[in-house]
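The values are calculated or read from the model by the stated rules, or taken from the named source; none is laboratory data. Computed from a predicted model, the values in this text were never measured in an experiment. Heads up, the Cβs are rebuilt from the backbone with ideal geometry, glycines too, and the neighbour counts pull from every protein chain shown. Areas reflect the complete protein model, heavy atoms only, side chains present, ligands, DNA and RNA absent. Shrake-Rupley method; radii C 1.70, N 1.55, O 1.52, S 1.80 Å.
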Amino acid sequence: MYVVIKPTYHCNLACSYCYVSGRHSCNESLSKDQLEHVINSVISYVDSQEISPETVTFLWHGGEPLLMPISFYEHAMAIQQYLVSNSSRRIAIKNKMQTNLFSLNDEWVNFFKSNKWQLSTSLDGPPKIHDSQRMTKEGNRTHRRILGNIESLKTNGVNVGVVCVLTRLGVPYIDEIYAFFKERGINFRLNDIAPYASCNSNLLTEKEYTDSMIKLFDLWFNDEDNSITIQNLLEFSASLISRTTLCCNALKNCQDSFLGIDPAGNVFPCGRFCGNNDFVFGNLFSESLSSILSCEMRQKLLRRNALIIKECANCQYSDICNGGCLHDAVLKYGSYEAPSRLCSSYKSIFRHMEVALKTKFNLPKI
């Protein structure tokens, strides 16, 4: 089970493409008592299931999760350990965090290192791009500080992934974005921004996204001195060769294993749905997780797959895409029975990559 917990919606940055700001009415943060209840609800639910062994991954998200004190996460780990040690089943716990790293200090580095947490952050390429869209609330630049904190974590052996968010501003600079990460030996993934109303001025057209991903793939794939991984392009490549899915937005049904929990205890299909009241499964502070996950809405979402999405019927990539991200479908079409908003782009990107993979590796028909 993969549980995205948002302990707070508060943040210390004011990114131009933020989808959280103005979208959530909850101004509270999880208290320690509420934290105990959330973790107990999740692990108790897993303990009651028949599948064994089970890994429960807690992804701490936000808002900005580093605004919660270290003691909050130390308490979370203590609760996890206590419940797992008293479980009737073999349950493994992993902790991850998506953070902007702006508040990182030596104490946090030591915490993440000693407890083997995996981190992910955002760095939007060179300073001229990053600092124009990821700034403090006072309008100050953040690139230098965040890059320095990434280097500090790497030096201390902490695994940190990087997301580079592509907006219209970055489209002319794909070469520079690739060179920036390559020169620093930083693995990354390139994501576009979701089409929320607050992000409209930054949105990419379908052609801009498609062309940018193809250009980045060509730079990376044809670089004989390539020393970095572009995570989503690697996942696409592996999926095209193996005909299996490797990321959450291409699973046959993500609802088998994902859920999101907000600071008010509301439960959603995943973290990306938090704040969308049309997709609230229930509330952990008034219902059991077992009852919540039996709700009618989740049962409908569990039936979503490529077989019920008409656009997937004759698609040669339906076995590796499975209709794409549920959240992306809802954003564009307002329906979970629709394909991802990136459907056409994925087809073009996959076709281009498929030809390149066959040619370079002399592969039979993929």
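Filtering segment 312-341 down to residues that are among the hydrophobic types (A, V, I, L, M, F, W, C) and closer than 18 Å to residue 242 by Cβ, which residue is surrounded by the most Cβ atoms within 10 Å (Cβ to Cβ)?
321
Going through segment 324-336 one residue at a time, which ones are in contact (Cβ under 8 Å) with a residue 40 or more places away in the chain and not basic (Lys, Arg)?
Answer for segment 324-336, where residues must be in contact (Cβ under 8 Å) with a residue 40 or more places away in the chain and not basic (Lys, Arg): 324, 325, 326, 327, 328, 330, 331.
Which of the residues that make up segment 219-278 are farther than 27 Å from residue 294 by Cα, open to solvent by 40 Å² or more (accessible area, probe 1.4 Å) and charged (D, E, K, R)?
Selection gives 224, 225, 243.
I need every pair where a residue in segment 97-111 that is farther than 12 Å from residue 67 by Cα and of a type in the set (Val, Ile, Thr) has its Cβ under 9 Å from the Cβ of a residue that is open to solvent by less than 40 Å² (accessible area, probe 1.4 Å) and outside any loop (DSSP other than H, G, I, E, B), sequence separation at least 6 or different chains.
109/149; 109/152; 109/153
If I go through segment 324-345 residue by residue, how many of them are among the small types (Gly, Ala, Ser) and outside any loop (DSSP other than H, G, I, E, B)?
Qualifying residue count, segment 324-345: 3.
So which of 167, 205, 210, 155 is within 23 Å of residue 272 (Cα to Cα), loosely packed, with under 15 Cβ neighbours inside 10 Å and of a type outside the set (Asp, Glu)? If you could, list the steps in order and put the result at the bottom.
Numbers: 167 fails: loosely packed, with under 15 Cβ neighbours inside 10 Å; 210 fails: loosely packed, with under 15 Cβ neighbours inside 10 Å; 155 fails: within 23 Å of residue 272 (Cα to Cα).
205 is the lone residue from the list that is within 23 Å of residue 272 (Cα to Cα), loosely packed, with under 15 Cβ neighbours inside 10 Å and of a type outside the set (Asp, Glu).
I need every pair where a residue in segment 337-349 that is among the acidic types (Asp, Glu) has its Cβ under 8 Å from the Cβ of a residue that is assigned to a loop (DSSP other than H, G, I, E, B), sequence separation at least 6 or different chains.
337/304; 337/308; 337/309
Check segment 46-61 and report whether any residue there is in contact (Cβ under 8 Å) with a residue 60 or more places away in the chain and farther than 16 Å from residue 263 by Cα.
First pass over segment 46-61, keeping only residues in contact (Cβ under 8 Å) with a residue 60 or more places away in the chain: 48, 59, 61.
Restricting the remaining residues to those that are farther than 16 Å from residue 263 by Cα gives 48.
Yes; the residues of segment 46-61 include at least one that is in contact (Cβ under 8 Å) with a residue 60 or more places away in the chain and farther than 16 Å from residue 263 by Cα.
Among the residues of segment 224-236, how many are farther than 19 Å from residue 358 by Cβ, modelled with pLDDT of 95 or more and touching a helix residue (DSSP H, G or I) at 6+ places or on another chain (Cβ under 8 Å)?
Total satisfying the criteria: 2.
Being at pLDDT 95 or above, in contact with a helix residue (DSSP H, G or I) (Cβ under 7 Å, 6 or more places away or on another chain) and open to solvent by 60 Å² or more (accessible area, probe 1.4 Å), is that true of even one residue in segment 172-181?
yes
So in segment 182-196, with the set limited to residues that are not basic (Lys, Arg) and not in a strand (DSSP E or B), which one is most open to solvent (accessible area, probe 1.4 Å)?
The selected residue is 183.
Looking at segment 50-71, can you tell me whether even one residue there is at pLDDT below 95, of a type in the set (A, V, I, L, M, F, W, C) and open to solvent by 50 Å² or more (accessible area, probe 1.4 Å)?
Yes, that holds for at least one residue.
In the list 216, 240, 233, which residue meets the criterion of being in a helix (DSSP H, G or I), in contact (Cβ under 8 Å) with a residue 12 or more places away in the chain, of a type in the set (A, V, I, L, M) and over 21 Å from residue 316 (Cβ atoms)?
Testing whether each residue is in a helix (DSSP H, G or I), in contact (Cβ under 8 Å) with a residue 12 or more places away in the chain, of a type in the set (A, V, I, L, M) and over 21 Å from residue 316 (Cβ atoms) leaves just 216.
Tally time: how many residues in segment 27-46 are part of a helix (DSSP H, G or I) and either touching a helix residue (DSSP H, G or I) at 6+ places or on another chain (Cβ under 8 Å) or under 17 Å from residue 116 (Cα atoms) (or both)?
Selection size over segment 27-46: 10.
Can you name every residue in segment 122-149 that is surrounded by fewer than 21 Cβ atoms within 10 Å (Cβ to Cβ), closer than 14 Å to residue 108 by Cβ and in contact (Cβ under 8 Å) with a residue 40 or more places away in the chain? Explain how you work it out, then say what you get.
The first filter runs over segment 122-149 and keeps only residues surrounded by fewer than 21 Cβ atoms within 10 Å (Cβ to Cβ), leaving 126-128, 131-133, 135-141, 143-145, 147-148.
Narrowing the set further to residues that are closer than 14 Å to residue 108 by Cβ leaves 145, 148.
Scanning segment 122-149 gives a single hit, 145.
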